[in-house]
Amino acid sequence: MTQRLRVVAGLGNPGAKYESTRHNAGFWFADELARRYGGQFRHETRFNADVCRAQIETESVWLIKPMNYMNRSGGPLRAFLDYYRLDVGSLLVAHDEIDLPVAALRLKEGGGHGGHNGLRDTIACLGAKFYRLRIGVAHPGHRDDVVDYVLKSASVNDQRQLDEAVDRAADVVPTMISRGFQVAMNEINRRPAADKPNKPSKPENGDTDGD
């Protein structure tokens, strides 16, 4: 893909009910970038998304939060990219990831949805050739517990770690712009060798209507 970063999309669910839930980690990341770089989100009905622009390094970057609920994230993103004639290869999508330990971060290029219904819908609407920022929220231990788990708030200690992870991820965005995604990947994907996912096999990251 090797394009400039032009759009950062955070995935999540709209409304106060979901604001502090693990599934909204992507929203937290977009909000942190807006806070750091002076962006003010406004709702754009043509996309059904909250949108703003932020000047990061030499690039004017769009920040977008789809408001269609998680499992219908792709439509607003498709409409936004089409309207501004932006290529999917310039898009970074941030989302929660149960297949990573709490606060672990991974930046990757392309790939599948891994059972994440927000990614599933985004891929269905855009194809898979965009970058992903995976923010680890850990796994509840059993696949049947996934929906309730991601739609609840983290513990105080886990939330502290997640806030720090969002900060670390935001620190690397200027590197994405000034030095490219590959350098940013090398920087953000480092973690202690002992920090391993806490599950034996990959479960289905199920979703509900508020998901």
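The values are calculated or read from the model by the stated rules, or taken from the named source; none is laboratory data. Bear in mind that the values here come from a model prediction, so they are computed numbers and not experimental data. Using ideal geometry, Cβ is built from the backbone for each residue, glycine included, and neighbour counts are taken over all protein chains shown. Ligands, DNA and RNA are excluded from the accessible area calculation, which covers all protein heavy atoms including side chains. Shrake-Rupley method; radii C 1.70, N 1.55, O 1.52, S 1.80 Å.
Quantify, in whole percent, the carbon and sulfur part of the accessible surface of region 1-102 (1.4 Å probe; protein heavy atoms only).
On the way: 1750 of 4060 Å².
Taking all protein chains in place, region 1-102 shows 43 percent carbon and sulfur surface.
So what J values fall out for region 170-187 if you push phi through Karplus, 6.51 cos²θ - 1.76 cosθ + 1.60 with θ = phi - 60°, rounded to Hz, Gly and Pro as x?
Whole-Hz 3J(HN,Hα) from phi for region 170-187: 5, 4, 8, 4, x, 5, 4, 7, 7, 10, x, 5, 5, 5, 4, 4, 4, 6.
Starting at the first residue of region 4-18, write each ³J(HN,Hα) from the Karplus equation 6.51 cos²θ - 1.76 cosθ + 1.60 with θ = phi - 60°, in whole Hz, x for Gly and Pro.
5, 6, 10, 9, 10, 10, x, 9, x, 10, x, x, 4, 4, 10
Counting pairs of alpha carbon atoms under 8 Å apart in space and at least six apart in sequence, what relative contact order in percent does region 35-180 give?
RCO, region 35-180: 23 percent.
What does the charge dipole of the chain about its Cα centre add up to, to the nearest 20 debye, if the Cβ of each Lys and Arg holds +1 and the Cβ of each Asp and Glu holds -1? Walk me through the numbers on the way to the answer.
Details: 29 positive and 28 negative charges, 103 e Å.
Computed about the Cα centre, the dipole is about 500 debye.
Hey, what did region 46-105 get for relative contact order, percent, Cα under 8 Å, at least 6 apart?
Working: 45 pairs, mean separation 15.1, N = 60.
For region 46-105, the relative contact order is 25 percent.
May I ask you to evaluate 6.51 cos²θ - 1.76 cosθ + 1.60, the Karplus curve with θ = phi - 60°, for each residue of region 75-87 and list the ³J(HN,Hα) values in order in whole Hz, giving x for glycine and proline?
x, x, 5, 4, 5, 5, 4, 5, 4, 9, 6, 9, 7
Can you tell me how much longer the chain between Asp163 and Arg53 gets when fully stretched, taken as 0.36 nm per residue apart minus their C-alpha distance, in nm with one decimal?
Full-extension gain reported as 37.4 nm.
Accessible area per residue, 1.4 Å probe, Å², for region 1-145: what's the number?
Values: 5670 Å² over 145 residues.
Result: 39 Å² of accessible area for each residue.
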